[in-house]
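The structure under discussion appears below in the form of structure tokens.
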Amino acid sequence: MARNTPEVPATSLADIAFMLLIFFLVTTTMDVDSGLRRKLPQWVDKEQLDDNAEIKERNVFVVLVNRNNDLLVDGDYERVENLRDRAKEFMANPYNDENLPEKEPKDVPYFGQYMVTKGVISLRNDNDTQYGTYLAVQNELVAAINELRDELAIDKWGKAYLDLDVDQQNAVKTIYPQKISEAEPKGKNF
Amino acid sequence: MSKFRKDDGKELPPISTASLPDIVFMLLFFFMVSTTMREVTVNVSQKLPEATELSKLEKKSLVSYIYIGEPKPQFQKVFGKAPRIQLNDQFANVEDITDYITAEREARTEAERPSMVTSLKVDVNTKMGLVTDVKQELRKAAALNINYSARKAVER
């Protein structure tokens with residue numbers, strides 16, 4: 001007759017599992033990397049760069065950041081907190097102001113003929129500008145456009161921009177494009 | 001005497017701990033699956049800037065990182081205090097970025113290449129001069145999708 005082997009005690013199993021658990025708890029990093037998505041412009045050689053592309057002054061929203069992290073927006077000092085509203089006013093131009101950008105009629109799906117702004121945001125920074133300030137400015141500009149898109153989406157469909165389907169989002173994008181151009185860096189030989 | 005006290009000698013049976021390992025294993029598996037071990041040790045000190053308009057980087061396999069910041073104290077003797085670029089595990093120069101991007105591109109399949117993203121993890125106090133150089137270099141390497149890594153700003 002076969003002898004019964006004594007049962008293996010399972011009480012310590014929990015301890016072993018706990019040890020592993022604690023190891024993974026400690027080593028876990030659950031940071032999801034997040035940030036501002038931007039797209040760089042295509043590289044162009046210096047010779048091919050044409051400075052002739054004329055854009056009217058009223059169509060450009062110039063943001064300068066100097067080495068002391070001060071902002072100069074369309075010719076006057078501005079605080080970062082006010083930048084968002086200024087940018088929104090510029091891109092939307094609700095009262096068709098003479099000094100704010102022109103609009104041209106465009107056929108936009110869902111909207112029909114819509115007066116789309118010709119405004120462009122231009123950002124230039126000094127070599128000694130702090131990265132933190134630069135990103136704060138970028139963030140405000142992106143936020144301004146996102147807010148405009150949201151407002152339009154809610155006006156039209158009663159939904160936030162991110163809840164629209166792709167076609168609707170594209171329509172809104174044509175009306176408020178994310179036109180933030182960064183000046184070619186100067187004073188260095190690339 | 002009192003209505004609620006049961007003074008008959010019945011004792012509660014001890015709670016069985018037999019299912020404790022199962023519970024712990026469940027937790028264990030959760031953490032094993034969600035864990036991502038850091039592949040590179042960051043040799044530069046970093047305080048990421050704050051922003052509100054964030055989007056998440058979904059596919060980690062498509063992201064390559066460029067770290068910029070002051071070298072950590074133990075490296076300052078050799079590399080100095082000025083902000084440096086770190087690619088993979090080493091300090092690098094601006095000129096090395098093209099090679100790095102090419103290598104990263106080679107490591108992905110043809111189909112994945114267009115949606116590759118370069119994430120710039122830059123310290124808040126870095127001067128823009130260096131960042132602009134890096135950006136120009138990325139443009140030359142045609143790595144146009146970039147992501148300025150930032151933390152979620154706390155509402156005040």
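What follows draws every value from the coordinates through simple rules; no lab data is involved. Since the model is a prediction, treat every value here as computed from it, not as a measurement. Please note: Cβ atoms are built from the backbone with ideal geometry, for glycine as well, and neighbour counts cover all protein chains shown.
For the peptides A:164-170, A:139-145, A:13-19, the ranking by mean Cβ contacts within 10 Å, running from highest to lowest, is A:139-145, A:13-19, A:164-170. Label-to-label distance, A:M19 versus A:K156, with points set 7 angstrom from Cα along the beta-carbon direction: 6.2 nm.
What percentage of all Cα-Cα pairs in segment B:19-103 are separated by more than 20 Å?
Values: 1978 of 3570 pairs.
Percentage above 20 Å: 55.
With a 10 Å cut-off around each Cβ of B:14-22, the average count of Cβ atoms from other chains is 3. Taking the longest Cα principal axis of chain A as reference, the axis of helix A:13-27 is set at about 20 degrees. Across segment A:57-182, the relative contact order, built from alpha-carbon pairs under 8 Å that are at least six residues apart, equals 30 percent.
Counting only other chains, what is the mean number of Cβ atoms within 10 angstrom of the Cβ of each residue in peptide B:48-61? Provide the component values of the computation, followed by the final result.
On the way: counts 6, 11, 4, 10, 8, 13, 8, 5, 5, 5, 2, 0, 2, 0.
The per-residue average across the peptide is 6.
Listed peptides A:76-87, A:115-126 appear in the order A:115-126, A:76-87 once ranked by packing, highest mean of other Cβ atoms within 10 Å at the front. Looking at segment B:8-86, which GluC sites (Glu not before Pro) are in a loop (DSSP not H, G, I, E or B) and have at most 14 other Cβ atoms within 10 Å? Counting only loop positions with at most 14 other Cβ atoms within 10 Å, the GluC sites (Glu not before Pro) in segment B:8-86 are B:E11, B:E39, B:E58.
At 0.36 nm per residue, and after removing the present C-alpha to C-alpha distance, how many nm does the segment from A:D97 to A:K39 gain when stretched out fully?
Details: separation 58, 0.36 × 58 = 20.88 nm, distance 3.05 nm.
Additional length available on full extension: 17.8 nm.
Label-to-label distance for B:F4 and B:A142 is 7.9 nm, based on points extended 7 Å past Cα in the beta-carbon direction.
Across segment A:54-129, counting alpha-carbon atoms alone, Rg and Dmax equal 14.5, 46 Å. At the listed q of 0.08 Å⁻¹, the Debye profile of the protein assembly as shown, built from one uniform point per Cα, gives log10 I(q)/I(0) equal to -0.55.
Using the reciprocal of the averaged 1/r over all distinct C-alpha pairs, how large is the Kirkwood radius of segment B:50-152 in Å? Before the final figure, lay out the partial values.
On the way: mean 1/r = 0.0691 Å⁻¹.
Taking the inverse mean of 1/r over all distinct Cα pairs, segment B:50-152 comes out at 14.5 Å.
Ratio of alpha-carbon Rg to the 2.2 N^0.38 Å globular estimate for segment A:57-182, to two decimals, please.
On the way: Rg = 15.3 Å, N = 126, 2.2 N^0.38 = 13.8 Å.
Compared with the compact-globule rule of thumb, segment A:57-182 sits at 1.11.
Excluding residues on the same chain fewer than 8 positions from B:K81, give the aspartates and glutamates whose Cα lies under 15 Å from its Cα. Correct list for B:K81: B:E70, B:D123. Between A:Y110 and B:T102, the modelled labels are 4.5 nm apart [label points 7 Å from Cα along Cα→Cβ]. Can you work out the FRET efficiency for the pair B:M32 and B:E110, with r the C-beta to C-beta distance and R0 = 22 Å, to the nearest 0.05? So, using R0 = 22 Å, E works out to roughly 0.10.
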